[in-house]
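The structure under discussion appears below in the form of structure tokens.
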Amino acid sequence: MNKQEIIEELKAIVKPYIQNQEAFDTLTEETDFINDLKINSANLVDVILDIEEKYNIVIDNESMERMVNVKAAMTIIETQLSEKK
Amino acid sequence: MIGNDIVDLALARKESNWQRKGFLDKIFTKKEQLQIVTAQNPENMVWNLWSRKEAVYKIYNRETGIRAFIPLELECFYESGTIGTILIKGKTYFTQTKIENYFIYTIACAEKEYFKQIKSIDIGTKINKRNGIPFVIDSNSKIEKTVSISHHGRFWKGIIIE
């Protein structure tokens, strides 16, 4: 799976929780979940659980700490998926 | 430093399903989860403890400049529904929580004595930001004063330390 595919899948995951449509429409790797997309922090837990379910991976606490932007989420997903192979 | 956090209970119910599998495990320690499941009103306890963590995180973030999603590292010590402390990386912060019909609201301080110096500000107050940290400039003294703002659903709360 390439970066663009992961970004598209991530977009679909965060969509129900975003509160800033413009930032969502122009989402890049640099987009911040809370500052840009205005996802409330309790919903960040849902994003993390949705990612775990979608990719059948476990995001440990250490990874969860870094999960504040698209780039970090992508790195965590890519790392976990490559370990599964 | 001060921090605050408000939860609009009706909106929280709409936005979050705290009973979702895995939800509590991601943000509450085993001890906190026990506090929740044995509470008379578990849902209110979820948001009570959550607002404490959020209010203290604001202080932690401002003191250290560290941004991270670390709910499990903010460990709640529950003294009562309204009073407690939170331990994060060896440092203790103090919390005072208000439980009303429609919201739960927590104020947090680095030192217990600060609670006496905290005043509310109203929504019309001119608030400046530097590196994302809000402050106001006192109109008489021109001194910058730290503030903390929280907004959720129908509620807005701002505090200042005198």
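Just so you know, all these numbers are worked out from the coordinates, no wet-lab data involved. As the structure is a computational prediction, the values presented were derived from the model and not from experiment. When we count neighbours, we look across all protein chains shown, and the Cβ atoms used for this are built from the backbone with ideal geometry, even at glycine.
In this structure, does B:Ala55 turn out to be touching a Gly at 6+ places or on another chain (Cβ under 7 Å), within 14 Å of chain A (Cβ to nearest Cβ) and either assigned to a strand (DSSP E or B) or closer than 22 Å to A:Met67 by Cα (or both)?
yes
Set side by side, the residues A:Asn69, A:Asn35 differ, and just one is more than 23 Å from B:Gly22 (Cβ to Cβ), of a type in the set (S, T, N, Q) and within 13 Å of chain B (Cβ to nearest Cβ), which is A:Asn35. Looking only at region B:17-38, residues that are touching an Asp or Glu at 6+ places or on another chain (Cβ under 7 Å) and of a type in the set (S, T, N, Q) come to 1 in all.
Residue-level check: of (1) within 14 Å of chain A (Cβ to nearest Cβ); (2) in contact with a Cys (Cβ under 6 Å, 6 or more places away or on another chain), B:Phe94 misses just (1). Here the condition is being over 18 Å from B:Trp50 (Cβ atoms) and in contact with a strand residue (DSSP E or B) (Cβ under 7 Å, 6 or more places away or on another chain); of A:Asp32, A:Asp50, A:Asp36, it holds for A:Asp32 alone. Considering (1) charged (D, E, K, R); (2) surrounded by 11 or more Cβ atoms within 10 Å (Cβ to Cβ); (3) touching a residue at least 24 places away in the same chain (Cβ under 8 Å), the lone condition that B:Lys112 does not fulfil carries the number (3).
Determine whether region B:91-112 contains at least one residue that is in a loop (DSSP other than H, G, I, E, B), closer than 27 Å to A:Ile59 by Cα and over 14 Å from the mean Cα position of the chain (by Cα).
no
Restricting B:Asp8, B:Asp25 to those that are within 11 Å of another protein chain (Cβ to nearest Cβ) and within 19 Å of B:Thr95 (Cα to Cα) reduces the list to B:Asp8.
The condition (being within 12 Å of chain A (Cβ to nearest Cβ) and either β-branched (Val, Ile, Thr) or in contact (Cβ under 8 Å) with a residue 60 or more places away in the chain (or both)) is satisfied by just one residue among B:Ile36, B:Ile104, B:Ile66, B:Ile2: B:Ile66.
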